Amino acid sequence: MNKKNQVPDRAPHAVQGASGGKQPKKKKSGLMGRIVRRFFLLLFTVILLAFAALVLVMNLVFNGPSPAARTQLTMSLIEASATKWVPALFIGEEAVEEIRASDKGAELKEEVTDTSQVVINKDSAMTSNSDEWEKYPDGIRIESYSGDTYNAHIMIVKDPSQVYMGISTEKFSTSIPGKRLNAVIEEEGALAAINAGAFNDDGTASASVGSCPLGLVMSGGKCVWTSGKQPGLEGFAGFNTDNILVVSKTNLSQSEAEQLNIRDGCCFGPALIINGEINGEAYNSNSGLNPRTAIGQRADGAVIFVCIDGRQTSSMGGTYADIIDIMVEYGAVNACNMDGGSSSIMYYRDTYGRYGEAGQVQMINNYSLLQSQPRRMPNYWLVRAAE
């Protein structure tokens, strides 16, 4: 009887435990599952609607009543490697090529810098015009500049002999990634740094992007890389052994650079100013609103670095005309456009603590909203400490 009585006693208890103890957990699990599924469904719907709205807005601009807006958006997109294919989806390749080719303005008369227009006397340069450099004993002055569609950062380096071309490796290879500029300035112990010349970029996140330059690269008086007269590169900028910035409207060959005694330089373009003459073709071109970097030199030898912020809510970006206007205002007699877009970056070692803790490296410009760190690149302009 005891055994028979024990079986009925346990069975209801076991059944009750199974149903009473586990059932609430299943309800909670099912509720959480529905919440998660609905959240992701809502998120997907929001993303889909945002994408659809973006497509509608872009279609309105591309095929709307304003040719100027269509041109501006087209050029802004095709200048970026990741979005250069977008305009053709809306207006076709033929229309894109018509917009790209509709440049107006006079071409540069001079092919290359006349070095006699820049006079550098290091001894007097270090003592003359003392008011300009009185508050900048490290010889680097940084200013901000604003236009209608952009914020810009101008760095003036007093002594051009301190500016040189840094490279990511002695042997460029697609198997050796380029370096990020925030790491480079620490490795080199440089006072300042900006991005420099062209490199292969297929618009992907491949490790080969930023590993090898395009065109000619001179560093320390040696040719460290050349891929010949690379199509699409419209200029060259480099310092000769007299520390004069030589700008060419075409990318140079190794032999041409050696004849000009180039010690450090690279290709990109277009040339913006040569011998005080503005490149009217670039100035009036249909260039888009994008982040931009350029290098120039005043008649007294001081070097001008310019970085324009872009792809941000507070700074859409600048055109070639914008960057030429800045160079002219700051007295450049020779200037050349460097790589831009997501490559544009400017760093400064805060020698006297103007921007934060003394001695710390500060990023002067702002990234676009699409990136969280500097791009990898094979070459860059650096400023070494004065001897």
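The values are calculated or read from the model by the stated rules, or taken from the named source; none is laboratory data. As the structure is a computational prediction, the values presented were derived from the model and not from experiment. Note that we place each Cβ from the backbone using ideal geometry, even for glycine, and neighbour counts take in every protein chain shown. Ligands, DNA and RNA are excluded from the accessible area calculation, which covers all protein heavy atoms including side chains. Shrake-Rupley method; radii C 1.70, N 1.55, O 1.52, S 1.80 Å.
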Extreme residue, nearest to Arg298 (Cα to Cα), among residues of segment 86-127 that are open to solvent by less than 60 Å² (accessible area, probe 1.4 Å) and modelled with pLDDT under 75: Ala125
Given the criteria in a loop (DSSP other than H, G, I, E, B) and either hydroxyl-bearing (Ser, Thr, Tyr) or open to solvent by less than 50 Å² (accessible area, probe 1.4 Å) (or both), does Gly288 qualify? yes
Does Ser208 satisfy the criteria of being open to solvent by 20 Å² or more (accessible area, probe 1.4 Å), among the hydroxyl-bearing types (Ser, Thr, Tyr) and within 23 Å of the chain's Cα centre (by Cα)? yes
Is there any pair with a first residue in segment 130-158 that is in contact (Cβ under 8 Å) with a residue 24 or more places away in the chain and a second that is of a type in the set (D, E, K, R) and open to solvent by less than 20 Å² (accessible area, probe 1.4 Å) whose Cβ atoms are under 6 Å apart and which are 6 or more apart or on different chains, and what are they? Gly139/Asp159; Asn151/Asp309
Looking only at segment 37-66, which residues are in contact (Cβ under 8 Å) with a residue 12 or more places away in the chain and assigned to a helix (DSSP H, G or I)? Met58, Asn59, Val61, Phe62
Pair list, Cβ under 8 Å, 6 or more apart: segment 242-266 residue closer than 22 Å to Asp300 by Cβ, other residue among the aliphatic types (A, V, I, L, M) and assigned to a helix (DSSP H, G or I): Gly265/Ala257
Residue list for segment 291-324, restricted to those being open to solvent by 10 Å² or more (accessible area, probe 1.4 Å) and of a type in the set (D, E, K, R): Arg292, Arg298, Asp300, Arg311, Asp322
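One line per residue, one yes/no per condition, for (1) of a type in the set (S, T, N, Q); (2) open to solvent by less than 60 Å² (accessible area, probe 1.4 Å); (3) out of contact with any Pro (no Cβ under 6 Å at 6 or more places or on another chain):
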| position | (1), (2), (3) |
| --- | --- |
| Ser227 | yes, yes, yes |
| Ser253 | yes, yes, yes |
| Glu258 | no, no, yes |
| Ile262 | no, yes, yes |
| Pro270 | no, yes, yes |
Among the residues of segment 140-157, write down those that are outside any strand (DSSP E or B) and either among the hydrophobic types (A, V, I, L, M, F, W, C) or surrounded by fewer than 21 Cβ atoms within 10 Å (Cβ to Cβ) (or both). Gly147, Asp148, Thr149
Considering residues that are open to solvent by 40 Å² or more (accessible area, probe 1.4 Å) and either at pLDDT 95 or above or on the phi > 0 side of the Ramachandran plot (or both), the number found within segment 364-375 is 0
Of the conditions (1) touching a Leu at 6+ places or on another chain (Cβ under 8 Å); (2) charged (D, E, K, R); (3) surrounded by 21 or more Cβ atoms within 10 Å (Cβ to Cβ), Arg384 clears all except one; give me its number. (3)
Counting only residues that are surrounded by fewer than 20 Cβ atoms within 10 Å (Cβ to Cβ) and farther than 19 Å from Gly166 by Cβ, which one in segment 235-251 is modelled with the lowest pLDDT? Thr250
Mind checking whether some residue in segment 172-182 is under 20 Å from the mean Cα position of the chain (by Cα), part of a loop (DSSP other than H, G, I, E, B) and not hydroxyl-bearing (Ser, Thr, Tyr)? yes
Under 8 Å between Cβ atoms, which residue pairs at least 6 apart in sequence (or on different chains) link something in segment 183-194 that is within 10 Å of Val361 (Cβ to Cβ) with a partner that is assigned to a helix (DSSP H, G or I)? Ala190/Val184; Leu191/Gln162; Ala192/Ile185; Ala193/Leu181; Ala193/Val184; Ala193/Ile185
